[in-house]
Amino acid sequence: MPWAEVHWRSAVIDKHTTAQVLLPSVGRGPFPVFYLLHGLSDDSTNWLRRTRLEWYLRDLPLIVVMPDGYRSFYTDNEQGGAFARHIGVELVDFIDRNFQTRAERGGRAIGGLSMGGYGALRLGLGFPDTFASVNSHSGAIGWASADFSDAAIAAGRHREKPPELVAELRRIFGERPNGTSHDLLVHARRAQAAGRLPRLLLDCGTADYLLADNREFHALLEREGVPHEYREHPGAHDWDYWDRHVQDALEFHCRNLGIERSPVPGR
């Protein structure tokens, strides 16, 4: 299927950056768009290099955009770039200007893995007028409500993490992100109160080290009465798991975006 690597300059983060764009081989535009986010140690190419994503999309009239989110967690960093605005507003506007998209809420979905799972929820819930559906695979959800204060660090609350990572997370989320713009529950409450809550799908592997955080967030959403789907599957925090379950995410978003599979030319 057609594939473009887009290089462009972001005014929001003041940097030249990159996105991979998969274009459909079937159907006629304008097309809905699925924004697919990578994890902490990855870049915009990993979904293409580590999964069979192109094959899974072969009969879908759907554009897939994979931006480079660096190590930002796709949120507006306390000390650093405004990555939520960069991806959730600026990139969306750029894609709508340059590709044949359905430039409306009902034509957009977002998802991701690990850091990108958190990022998809942060952007989908934070910009509920932009995205109709959101999915998170193995979301790195807990760090956005952790305590990174000097007292917490001195008490050894993060002793299992490398000090460099703790310092990085503190620069991103601040000392106490709970209740701030990084807190997913804050955004979920606002979106639901406004009647604009996107459809939500969360999944995690039963051998994933982030399973407890995902179960806890699922329980919080249930307690708040926030509609969502939550699934656990066999698997760990790895590409075997994500390659399998990105197929579930595509089915979920197709239902919500009104996409039907098209006949593949030559078959």
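Bear in mind that the values in this text are calculations on the coordinates, not laboratory data. Because the structure is predicted, anything quoted here is derived from the model rather than measured. Because the Cβ atoms are built from the backbone with ideal geometry, glycine has one as well, and the counts that use them run over all protein chains shown.
For the reader, a short list of remarks on this structure follows.
- Taking the listed residues Arg108, Arg102, the one that is under 19 Å from Val21 (Cα atoms), touching a residue at least 40 places away in the same chain (Cβ under 8 Å) and in contact with a Pro (Cβ under 6 Å, 6 or more places away or on another chain) is Arg102, with no other qualifying.
- The lone exception for Phe148 - which of (1) closer than 18 Å to Val226 by Cα; (2) touching a His at 6+ places or on another chain (Cβ under 8 Å); (3) hydrophobic (A, V, I, L, M, F, W, C); (4) part of a loop (DSSP other than H, G, I, E, B) it fails: (1)
So that you can scan it fast, the table gives a plain yes or no per residue for (1) among the charged types (D, E, K, R); (2) touching a residue at least 24 places away in the same chain (Cβ under 8 Å); (3) under 25 Å from Asn46 (Cβ atoms); (4) surrounded by 15 or more Cβ atoms within 10 Å (Cβ to Cβ):
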site	(1), (2), (3), (4)
Ser136	no, yes, yes, yes
Glu168	yes, yes, yes, yes
Phe173	no, yes, yes, yes
Asn178	no, yes, no, no
Val186	no, no, no, yes
Arg189	yes, yes, no, yes
Ala193	no, no, no, no
Leu202	no, yes, yes, yes
Asn214	no, yes, yes, yes
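- Candidates Ser25, Ser44, Ser72 - the one that is in contact (Cβ under 8 Å) with a residue 12 or more places away in the chain, crowded, with 22+ Cβ neighbours inside 10 Å and part of a loop (DSSP other than H, G, I, E, B): Ser44
- Comparison of Phe34, Phe127, Phe83 shows that the only residue that is more than 21 Å from Leu257 (Cβ to Cβ), out of contact with any Pro (no Cβ under 7 Å at 6 or more places or on another chain) and of a type in the set (A, V, I, L, M, F, W, C) is Phe83.
- Per-region count, segment 151-169, residues more than 13 Å from Thr75 (Cα to Cα) and in a helix (DSSP H, G or I): 10
- Hits in segment 6-21 (condition: touching a residue at least 12 places away in the same chain (Cβ under 8 Å) and charged (D, E, K, R)): Asp14, Lys15
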